[in-house]
Amino acid sequence: MQLDERKMKILQAIIRNYLETGEPVGSRTISKYTDLNLSSATIRNEMADLEELGYILQPHTSAGRIPSDSGYRLYVDNLMADKEREVLEMKEMLLEKEDKMDHLLKQVAKFLSVNTNYTSMISAPVCHKNKVKFVQLSRVDEQQLIVVIVGEGNVIKNTMIDLEEELGDDTLLKLNILLNTHLNGLSMEEINLGMITALKMKAGVHGEIIGKVIDAVALAITEDEDLEIYTSGANNIFKYPELADQQRASELVSTFEEKQLLNKLVQETLTDQNQTGIQVYIGNETPIQSMKDCSIVTATYELEEGMRGTIGIIGPKRMDYDKVVSTLKNLMNQLDVLYKKKE
């Protein structure tokens, strides 16, 4: 039976309180526990209805109530539906955000190349030293669970794990509570062997599942991101005779098109998380062999929740450094205003 909102909130409050204390829950406790602002008498009437419907039990006369199996079932079904809806809404939001970000970065790259008459590049922001925000275990079928891991920057990773035996809803709920209670807000460096051992012990016979989930979390928050790099103005290099001979120009254009080497440059600029200023690579200082006759000026930008990326201008060694540095600084200020970055 579908409960009205008030009854559902009271049932949820009873179950959460009972999970925390292990003691029967009375109406006075619920009157302080919920945001309904109801009197104890009204809550007692609602609890009587919930008991009649079979969702709560009174173990002893004059004692408070405890959840029944049916109450647990309704609670778990609603909890999992809410979490799945939250993850779906977050995915939809991120897809919309990524589309807007994709358009913005392409526009930034084009603006830089037109404004400077050099070649520009910009990498999509990625999150470094990621932390766990949320872990959700959901049943796919009797033999599989899907693990949804949400990290900083709302990066979402999914992975499947196989089961030796089917898990009941109550067990799944307890594992979700156990994992989120202990892992939320932690980086992989903070999830040490002692913590993993303690989690496995608390999970009892399901310790192996905890181990598989930890492995999935480790992979999700430490794996290298597939960097998306946008370039513009590659043909501008032909304006400079020292870069325009056929072999040199061909190597540079290939670097801009294939982008693997640009990935190396971005990784180098993002290695030091404390460095967000302007960096200038002149000639042999650049980590890219095909750009040894060039100068590269980069800036590391930072958006909300530690999302960082690299902006770069590539041109001849005789580039107008003053104009390039000023352009990048202005752009960084605009990005900070756009994303309302708090210092």
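The values are calculated or read from the model by the stated rules, or taken from the named source; none is laboratory data. Keep in mind it's a predicted model, so treat the numbers as computed, not measured. In this analysis, Cβ positions are derived from the backbone assuming ideal geometry, glycine residues included, and neighbour counts consider all displayed protein chains.
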For this session: Identify all residues within segment 4-30 that are surrounded by 18 or more Cβ atoms within 10 Å (Cβ to Cβ), over 21 Å from residue 171 (Cβ atoms) and either over 31 Å from the mean Cα position of the chain (by Cα) or of a type in the set (Phe, Trp, Tyr) (or both); write none if there are none.
Result: 10, 24, 25, 26, 27, 29, 30
For this session: Look at segment 2-61 and say how many of its residues are touching a Lys or Arg at 6+ places or on another chain (Cβ under 7 Å) and outside any helix (DSSP H, G or I).
Result: 7
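Take the residues in segment 62-111 that are in a loop (DSSP other than H, G, I, E, B) and at pLDDT 85 or above, then tell me which one is farthest from residue 123 (Cα to Cα).
My answer is 64.
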